[in-house]
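Written below as structure tokens is the structure these notes are about.
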Amino acid sequence: YSSKAPSKYLAKCSNDILDTVLKSHLVNDRAESGIFEDDFPTFIEYRSEQILQEIRRLTGEMTEIEADMAESELGAVERFELKLRDLLHERILTCNPEYWKTTAPPDFRAKIEDRISAWVKGAPGRSRANVREVDFLQMFEYFKVIKSNWSVFEETFRSKSDLEQYFKVIAEFRNALAHNREVDAVTRQLAIGALAWFDKAF
């Protein structure tokens with residue numbers, strides 16, 4: 001294959017483990033790498049950055065959040081949400097088992113209930129019992145729940161304004177990733193900072 005362009009020989013490698021093989025060579029994102037378009041300048045720049053990140057990770061110069069982001073940016077945000085949901089539910093539940101009935105305005109709770117109902121109806125065997133409302137919140141709605149139960153979280157998050165700002169940063173970052181929009185370096189670094197801030201709180 002040495003005389004063929006990558007777009008030609010990789011097209012023939014249609015097995016299920018191609019992505020795994022590419023990742024083992026530090027090609028974690030096909031689109032960004034440029035390899036399938038034979039874009040060699042982009043590929044060299046992309047792979048150089050990936051190699052540098054891997055060196056930083058292995059030598060301990062990369063924070064856990066940075067390493068998580070390097071592996072999968074959307075995955076890092078999703079793991080953050082899982083931690084946050086557990087924190088919200090467990091912390092408030094300890095103080096008030098009926099917390100959801102007094103959290104945020106009624107129209108807010110009704111909107112979440114609509115999502116839960118749609119999910120229950122979406123497949124046989126699903127039940128409303130034991131469903132956690134926090135699992136159906138969207139990014140900035142977490143802030144509304146925390147604000148409604150601020151006495152429980154004040155010691156953890158300290159500042160409502162800081163908390164709101166960090167949620168905005170992560171929400172913007174997540175939306176860009178979810179809709180395949182280009183994420184600039186500033187937005188990415190702000191997101192890393194925001195995730196690190198929450199990680200300390202957790």
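Read-outs throughout are calculated quantities, based only on the coordinates presented, and are distinct from any laboratory measurement. From a predicted model like this one, the values you see are computed outputs, not experimental measurements.
May I ask for the angle, rounded to the nearest 10°, between helix 106-121 and the longest principal axis of the chain, with both axes built from Cα atoms and the value confined to 0 to 90°? It works out to around 60 degrees. Would you please calculate the Kirkwood hydrodynamic radius of the range 61-103 over all C-alpha pairs and express it in Å, rounded to one decimal? It works out to 12.1 Å.
Taking the Cα atoms only, what angle lies between the long axis of helix 40-58 and the longest principal axis of the chain, rounded to 10 degrees? Result, in degrees: 60.
Here's the list of lysines a cross-link from LYS23 could span, going by alpha-carbon distance under 25 Å and ignoring same-chain residues fewer than 8 apart: LYS4, LYS8, LYS12. Across the range 1-128, Cα pairs under 8 Å and at least six residues apart give a relative contact order of 12 percent. Over all pairs of different C-alpha atoms, the range 1-111 has a mean inverse distance whose reciprocal, the Kirkwood radius, equals 17.8 Å.
Cross-link partners among lysines for LYS121, C-alpha distance below 25 Å, same-chain residues fewer than 8 apart left out? LYS121 reaches LYS101, LYS111. Rounded to whole Å, give me the distance from the Cα center of the range 131-202 to that of the range 20-91. Computed from Cα coordinates, the inter-centre distance equals 20 Å.
Angle between the Cα long axis of helix 73-95 and the longest principal axis of the chain, 0 to 90 degrees, nearest 10? For 73-95 against the chain, the angle is about 20 degrees. Computed over the range 89-202, the convex hull of the alpha-carbon atoms projects to a mean area of 8.5 nm².
Rg and Dmax of the chain, both derived from C-alpha coordinates alone, stand at 21.2, 68 Å.
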